[in-house]
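Since every read-out is calculated from the coordinates, none of them should be taken as a lab result. The structure presented is a predicted model; accordingly, all values stated were derived computationally and were not measured. Please note: Cβ atoms are built from the backbone with ideal geometry, for glycine as well, and neighbour counts cover all protein chains shown.
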Amino acid sequence: MRALLASMLLLISSACFAQGFGTAERSVPGAATTPEFLPVTEAYQLAVEIVDESRVRLYWQIAPGYYLYQHRFEFTLEDANGAIALRSEMPEGLRHNDEYFGEVEIYYNSADITLVLQRTPAAGATLSATSQGCADAGLCYPPHKEFFALDFATGEATPIPPPAVKPAPRALPEDAAKADGSLLYMLLLAFLGGAILNLMPCVFPILSLKVLSVARSTDHDRHLHSWVYAAGVIASFVAVAGLLIVLQQAGNAIGWGFQLQSPGFVIALAYLFIAMGLSLSGVVALGGNLMNTGSGLANRGGLTGSFFTGVLAVVVASPCTAPFMGTALGFAAGQPPQVALLVFAALGAGMAAPLLLFGYSGGARALMPKPGPWMETLKQLLAFPLYATAIWLFWVAGRQTGVNTMTAALSGALMLALGLWLWNERPARRVLTVACLLIAVVLGSQHQLDAQGSGAARLAEGQVAWSDAEVTALRNAGKTVFVDVTADWCITCIANETAVLNTAEMTRAFADQGVVYMVADWTNQDAAIAALLQRHGRNGIPLYLVYPPDLSLPPLILPQVLTKNTVLEALQSVSGKKRDVAVRF
């Protein structure tokens, strides 16, 4: 069924490419409960012991599911004569590939460190110990500093409050330049990713109709509507970013596309696509206030229509992750709120750029054919990708909760179509329309988990369900592990699996090289998968990891848009047959 739906989407996309169309972007059932994270002082409990006048022992008791970075420890010791030089004796940690720090060592359960003093201290001294760690469920704490008063005469170590905070020193020019360069690079990636989103089957019909409408306007109107559309797109992305930041800081393990893990949102989005498709097909003529909030936005003249067309474009783009977006969103996830909002604004600017280009460039408009009857034909043709997308979304809702939900949602779609068809100026038909729409809402909200369970991850032959523990066990057994982080609502994931990963050639390659194919299905909310994404610098899917058997080596991270050669080269690289191949992105 999944392959059939993917084929339908890709086939319709290809047909529409004849007019200038683009390409496109699957879990253990049941939404995971929101993890409750410990305060930093409970997650990492530090005890300090004076061993003798030349050694101080620091022992961290680490809560289960939390870890500390070895390289983030910092220590200072001062007495009446000034700072005392220290040498740290640290135990060997667990090798870990971190999305921000690269190849590092971390400590689970405990960290036992001895500080060797390079001179004899005075009787009293002040110790500061800085540490930083993360929770496996997805939260990383900022660096945490604790202070202790050490009395070498009595051998007592007493926790004390931190001293008054001094103003932070100004960044060195070279440090500031490096940070600015990294941010500019991420903003560029976000801009490019946003521009590519316009080629997705869900977005392309809306953009195409808006381009046609502004192409026939005066220069003043064309410029004004282009900028208002851009404002709608950028404002929507910033609003999504703000919601993500608030939810993540509240402890929710979520990322880009999190709203599609809600069956209610998926069904509502399917209804929206059906309404848009009926409007494009000419079956219904939506007008008045309904057009300001519904599917008629793409055809509405006026500034309000242009703004909400931009909002609509962002809503329907939510199942998609374009190339370059993954890196930019992963970067934004680890930055202060103001930087994250800037990255999302750049994403919106990229998505709005094509319409601005058509609004200002006579050369771009000259590439369009002259107005004629073909425009109505194109308008009707563009409805079919929307119908196909709605079918796919109903299937996603069925996979999330069960066939009963899908049946109820399809029945609601029938009532929606009937209600829109009945709509006109006659009061009696308006009453019938409202009744039909209310029935559609009631049917669409029936998304309780079926008694027999939802569509759990239906794994193909040779595939296994992902878990961190199983990855480690397989690598200990000398196996190479390929992890596919996917979801039923991810168009790019489906395209990659249909065209590359689930082909006979790739299946043979996995079998021949003894590679275990693991599927981390994020169709429904799963805090463990969200933590996996965060550990590898991603805020959305797809994510493809190739783990070598050697536990000391980090996994290779593949691009979000796959080719067969890319996967084969990665498998050869970790097997040792071709160590000079660079596939990390």
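Brief remarks follow.
- Here is the list for region 461-527: GluC sites (Glu not before Pro) lying in DSSP coil, each with at most 12 other C-beta atoms within 10 angstrom of its C-beta, are E461.
- Here the Karplus relation 6.51 cos²θ - 1.76 cosθ + 1.60, evaluated at θ = phi - 60°, turns the backbone of region 225-239 into coupling constants of 5, 5, 6, 5, 4, 4, 5, x, 5, 5, 4, 5, 5, 5, 5 Hz, with x for every Gly and Pro.
- Taken over the C-alpha atoms, region 463-575 has Rg and Dmax values of 13.0, 34 angstrom.
- Around L437: net Lys/Arg minus Asp/Glu count, Cβ-Cβ under 15 Å: +2
- Orientation-averaged projection of region 40-160 equals 7.3 nm² [convex hull of Cα atoms, one quarter of hull surface area].
- Footprinting exposure proxy for W421, W392 (fewest neighbouring C-beta atoms within 10 Å first): W421, W392
- Charging the Cβ of each Asp and Glu at -1 and of each Lys and Arg at +1, and nothing else, the dipole of region 40-160 about its Cα centre rounds to 140 debye.
- Ordering Y69, Y360 from the fewest to the most neighbouring beta carbons within 10 Å gives Y360, Y69.
- Cβ-based exposure ranking for V343, V240, V246, in which fewest neighbours within 10 Å come first: V246, V240, V343
- Each Cα pair under 8 Å and six or more residues apart adds its separation to the average, and for region 463-575 the resulting relative contact order is 36 percent.
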